[in-house]
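Just below is one structure, and these are the notes that go with it.
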Amino acid sequence: MLGDESARSAPKRILIVEDNDLNMRLLNDVLEAHGYAILKASHGEVALDLARRCHPDLILMDIQLPDISGLEATRRLKHDAATRDIPVIAVTAFAMSGDERRTRDSGCDAYIAKPIMLREFLAMVEKFLGGPVEC
Ligand code: MN
């Protein structure tokens with residue numbers, strides 16, 4: 001069926017939640033170059049709305065955001081039946097001990113520290129999405 005064919009070849013969609021323009025551009029460009037479709041939010045509340053409406057395949061969640069924190073946004077995502085199955089990777093500048101624990105306590109599925117090492121980052125994304133290209 002045509003519908004099945006297009007569904008199979010549709011790019012995986014990643015919601016990037018990041019309030020820093022340069023970080024957003026970096027993540028966007030790297031992921032687009034690897035075949036992913038990108039949704040963007042610079043505020044936690046916007047991210048929650050986008051996640052509910054668009055149900056992306058993966059969410060990259062900055063922790064420090066202008067409104068609610070990425071931890072709080074993740075808590076809400078994981079308490080909402082419509083969004084709790086979406087994997088969330090926390091992206092944080094804090095390299096403090098206990099940070100990974102806090103992100104996991106909030107419901108994040110994984111954690112990556114800034115500055116982002118691209119190879120490690122892409123490997124983690126692919127682990128959750130099964131790779132950008134499915135033949
Ligand atoms: Mn931030």
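The values are calculated or read from the model by the stated rules, or taken from the named source; none is laboratory data. These figures come from a predicted structure and were not determined experimentally. Methodologically, a virtual Cβ is constructed for each residue, glycine included, from the backbone with ideal geometry; neighbour enumeration extends over all protein chains shown. Only protein heavy atoms, including side chains, enter the accessible area calculation; ligands, DNA and RNA are left aside. Shrake-Rupley method; radii C 1.70, N 1.55, O 1.52, S 1.80 Å.
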- Note on the structure: Reported set for segment 49-83 where residues are in contact with a Gly (Cβ under 6 Å, 6 or more places away or on another chain) and farther than 19 Å from Glu100 by Cβ is Asp67, Ile68
- Mind listing whichever residues of segment 20-38 are open to solvent by less than 60 Å² (accessible area, probe 1.4 Å) and on the phi < 0 side of the Ramachandran plot? Asn23, Met24, Leu27, Asn28, Val30, Leu31, Tyr36, Ala37, Ile38
- Message: Out of the residues in segment 59-89 meeting the condition of being open to solvent by 60 Å² or more (accessible area, probe 1.4 Å) and within 14 Å of the ligand (Cβ to nearest atom), tell me which one is farthest from Asp21 (Cα to Cα).
- Response: Asp67
